[in-house]
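Novice: I'd like to ask you about the structure that follows.
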Amino acid sequence: MTATAKESVSLMAATVGTGLMAGLYFAFDVSVMPGPGRGDDQTYVTAMRNINEAIDNGLFGLLFLGTFLATGLAASQQQRGGRPNAARWG
């Protein structure tokens, strides 16, 4: 695999992973959070604890940490590839 292909794979993984995480957080915000918020405090706490236990699994961990690592790798490869502006935040 050439250097350009490796850069493309890491950049694609970072982009797709970031999109998936953004979609997860958006869907959670607009569809899940309003429900427990309509109940009393005890119901809210119980629901959030159950949600946190359910999402604490290998797939979420892989996506969460994998996206972080892929983004760092992609930025590093862009920097080393002579495109320092592509690796900057702003």
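Novice: For labels at M48 and V9 in the simple 7 Å Cα→Cβ model, what's the distance in nm?
Specialist: Each label point lies 7 Å from its Cα, and together they span 4.1 nm.
Novice: Among S31, G72, A5, which residue has its Cα positioned farthest towards the positive end of the charge dipole of the chain, with +1 placed on the Cβ of Lys and Arg, -1 on the Cβ of Asp and Glu, and the dipole taken about the Cα centre?
Specialist: My answer, from the dipole projection, is A5.
Novice: Right, here's the next one. Accessible area of M33, 1.4 Å probe, to the nearest 10 Å²?
Specialist: 50 Å²
Novice: Moving to a separate point now. May I ask you to give the percent of accessible area on segment 1-53 that is carbon plus sulfur, with a probe radius of 1.4 Å?
Specialist: Its accessible area is 65 percent carbon and sulfur atoms.
Novice: Taking loop as defined by DSSP and a crowding limit of 10 other beta carbons within 10 Å, which trypsin sites (Lys or Arg not before Pro) in segment 22-81 fit?
Specialist: Answer by residue number: R38.
Novice: Moving on. To the nearest 20 debye, what is the magnitude of the charge dipole of the chain about its Cα centre, counting +1 on the Cβ of each Lys and Arg and -1 on the Cβ of each Asp and Glu?
Specialist: So the dipole magnitude of the chain works out to roughly 540 debye.
Novice: Taking only DSSP H segments of four or more residues, each worth -39500 (n - 2.57), what value at 222 nm results for the chain once the sum is divided by all its residues, to the nearest 500 deg cm²/dmol?
Specialist: So the calculated ellipticity at 222 nm is -25000 deg cm²/dmol.
Novice: Now for a separate question. Given that compact globular proteins tend to follow 2.2 N^0.38 Å, what is the ratio of the alpha-carbon Rg of segment 45-90 to that value?
Specialist: With N residues counted in segment 45-90, Rg over 2.2 N^0.38 Å equals 1.75.
The values are calculated or read from the model by the stated rules, or taken from the named source; none is laboratory data. On a predicted model such as this, the values are computed, not experimentally measured, just so you know. Every residue, glycine as well, gets a Cβ built from its backbone with ideal geometry; the counts of neighbours run over all protein chains shown. SASA here: full protein model, heavy atoms, side chains in, ligands and nucleic acids out. Shrake-Rupley method; radii C 1.70, N 1.55, O 1.52, S 1.80 Å.
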